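Have a look at the structure below before the remarks.
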Amino acid sequence: MTIEQQVRSAFDAVQVDGSVTAVDLTTGAGVDVGGSTPRPLASVAKLPLVWVLLTLHHEGELDASTPLVLDPAHRTIGPVGTGRLRDPITMSARDAAYYAMSLSDNGAADAIWDFVGADRVRETLARLGLPHLRLRAPMRRIFELLEDQRRRERLDDAALLRTDPRTLDPLDPARVSSGTTAALTRFLAEMHRRAAGGSQADREVVDLMGAQLVRNRLASGFPAADLDVRGKTGTLLAVRHEVGYVTYPDGRAYAVSVLTSSRSLQIHHRVDAVIGEVARAAVLHLRR
């Protein structure tokens, strides 16, 4: 069975459409299955957003120690972190980056977006020459699109669960932040190269990826205690993603991106594990 057949079989087993791209950061050899397909990023978008913040900070364009006020009257909702708090809080932009990466905090991420500004976010990311990695809007836009569609189509919770995910506005890659696994893996490879070359901003982002609390996706495929796995997940309705790095004790490191979209909103319970499974298959193929 080829690596492509192996990956597609794993995706089919849990009723998802997906893409995976992995690159050996030493040799440049790669594996790519569906890597040119654009998909909504969900919270994976927080990774390039934090990279923009810290890059501009270290270039002196802004100060990441600037305090940001997050007010519940305007704060973006979310299942964890600041989205669950009842009172206004103040944190620095740099601390918001920690929350956005470790807890995938929507409110913290949107505070960063508003602080940096949409134009600077896009202009800074554009320097990398990755046209298929696009940050279109803050996280709150996802929820606005969903609520607008639910109201327009009169979708209660039961009707929403029966909806084909491909028809949902917040999962339309043309409406929200989107990317391909090929572009995301190139982003990871460039960040790794810059960090190795002494870029403090890139080093800090890579460190923040190690602070992520979710360990049942990419890391599930690499359970050995002597492997270093760090990443950023994305979860929204039918999508389950993770992108990140896997480093072996021999020093060889790999950038891996896995993006998936379930074929219904009745999500198979093994989707998270399949992300680790296909990532492992891709990396082991490169280690032959």
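The values are calculated or read from the model by the stated rules, or taken from the named source; none is laboratory data. The model shown is predicted, which means the values in this text are computed figures rather than measured ones. Here the Cβ positions follow ideal geometry from the backbone for every residue, glycine too, while neighbour counts run over all protein chains shown.
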Cβ pairs under 7 Å, 6+ apart, first in the stretch 252-268 and at positive phi, second at pLDDT 95 or above and not in a loop (DSSP other than H, G, I, E, B): none
Qualifying residue in the stretch 146-162 (condition: under 19 Å from Lys232 (Cα atoms), surrounded by 14 or more Cβ atoms within 10 Å (Cβ to Cβ) and in contact (Cβ under 8 Å) with a residue 40 or more places away in the chain): no
Residue tally, condition assigned to a helix (DSSP H, G or I) and either basic (Lys, Arg) or over 15 Å from Gly244 (Cα atoms) (or both), over the stretch 254-272: 1
Check on Ser257, under 15 Å from the mean Cα position of the chain (by Cα) and within 16 Å of Val7 (Cα to Cα): yes
In the stretch 31-48, the residues that are among the β-branched types (Val, Ile, Thr) and either crowded, with 19+ Cβ neighbours inside 10 Å or in contact with a helix residue (DSSP H, G or I) (Cβ under 7 Å, 6 or more places away or on another chain) (or both): Val31, Val33, Val44
Test set (1) charged (D, E, K, R); (2) at pLDDT below 95; (3) farther than 22 Å from Leu103 by Cα - Glu61 fails condition number: (2)
Hey, Val176 part of a loop (DSSP other than H, G, I, E, B), modelled with pLDDT of 95 or more and surrounded by 22 or more Cβ atoms within 10 Å (Cβ to Cβ) or not: yes
Selection status of Ser43, in a loop (DSSP other than H, G, I, E, B) and either of a type in the set (Ser, Thr, Tyr) or closer than 18 Å to Met191 by Cβ (or both): no
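Rundown of residues vs (1) touching a residue at least 12 places away in the same chain (Cβ under 8 Å); (2) within 26 Å of Arg270 (Cβ to Cβ); (3) of a type in the set (A, V, I, L, M, F, W, C); (4) surrounded by fewer than 21 Cβ atoms within 10 Å (Cβ to Cβ), yes/no style:
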{"residue": "Asp17", "(1), (2), (3), (4)": "yes, yes, no, yes"}
{"residue": "Ala29", "(1), (2), (3), (4)": "yes, no, yes, yes"}
{"residue": "Val50", "(1), (2), (3), (4)": "yes, no, yes, no"}
{"residue": "Leu54", "(1), (2), (3), (4)": "yes, no, yes, no"}
{"residue": "Thr90", "(1), (2), (3), (4)": "yes, no, no, yes"}
{"residue": "Ala97", "(1), (2), (3), (4)": "yes, no, yes, no"}
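Determine whether the stretch 259-268 contains at least one residue that is hydrophobic (A, V, I, L, M, F, W, C), closer than 16 Å to Pro223 by Cβ and either at pLDDT 95 or above or surrounded by fewer than 17 Cβ atoms within 10 Å (Cβ to Cβ) (or both). Give the steps one after another, and end with the answer.
Looking only at the stretch 259-268, we keep the residues that are hydrophobic (A, V, I, L, M, F, W, C), and these are 259, 265, 267.
Applying the additional criterion that residues be closer than 16 Å to Pro223 by Cβ yields none.
No.
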Unique residue being in a helix (DSSP H, G or I) and surrounded by fewer than 19 Cβ atoms within 10 Å (Cβ to Cβ) when the list is Arg203, Arg230, Arg215, Arg194: Arg203
Top-ranked residue of the stretch 56-80 - restricted to ones that are of a type in the set (A, V, I, L, M, F, W, C) and in contact (Cβ under 8 Å) with a residue 12 or more places away in the chain, ranked as surrounded by the most Cβ atoms within 10 Å (Cβ to Cβ): Leu70
Residue that is modelled with pLDDT of 95 or more, closer than 19 Å to Arg39 by Cβ and part of a helix (DSSP H, G or I), where the choices are Ile142, Ile112: Ile142
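One line per residue, one yes/no per condition, for (1) small (Gly, Ala, Ser); (2) buried (at least 20 other Cβ atoms within 10 Å of the Cβ); (3) within 16 Å of Ala201 (Cβ to Cβ); (4) without any contact (Cβ under 8 Å) to a residue 12 or more places away in the chain:
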{"residue": "Thr82", "(1), (2), (3), (4)": "no, yes, no, no"}
{"residue": "Arg86", "(1), (2), (3), (4)": "no, no, no, no"}
{"residue": "Met101", "(1), (2), (3), (4)": "no, yes, yes, no"}
{"residue": "Ser104", "(1), (2), (3), (4)": "yes, yes, no, no"}
{"residue": "Trp113", "(1), (2), (3), (4)": "no, yes, no, no"}
{"residue": "Asp119", "(1), (2), (3), (4)": "no, no, no, yes"}
Some residue of the stretch 125-146 being aliphatic (A, V, I, L, M), in contact with a Phe, Trp or Tyr (Cβ under 9 Å, 6 or more places away or on another chain) and over 26 Å from Glu190 (Cβ atoms): no
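With the condition kept exactly as written, say whether any residue in the stretch 91-102 is touching an Asp or Glu at 6+ places or on another chain (Cβ under 7 Å) and part of a helix (DSSP H, G or I). Steps first, answer last, please.
Taking the stretch 91-102 and keeping what is touching an Asp or Glu at 6+ places or on another chain (Cβ under 7 Å), we get 99.
If we keep only those that are part of a helix (DSSP H, G or I) too, we end up with 99.
Yes, the conditions are met somewhere in the stretch 91-102.
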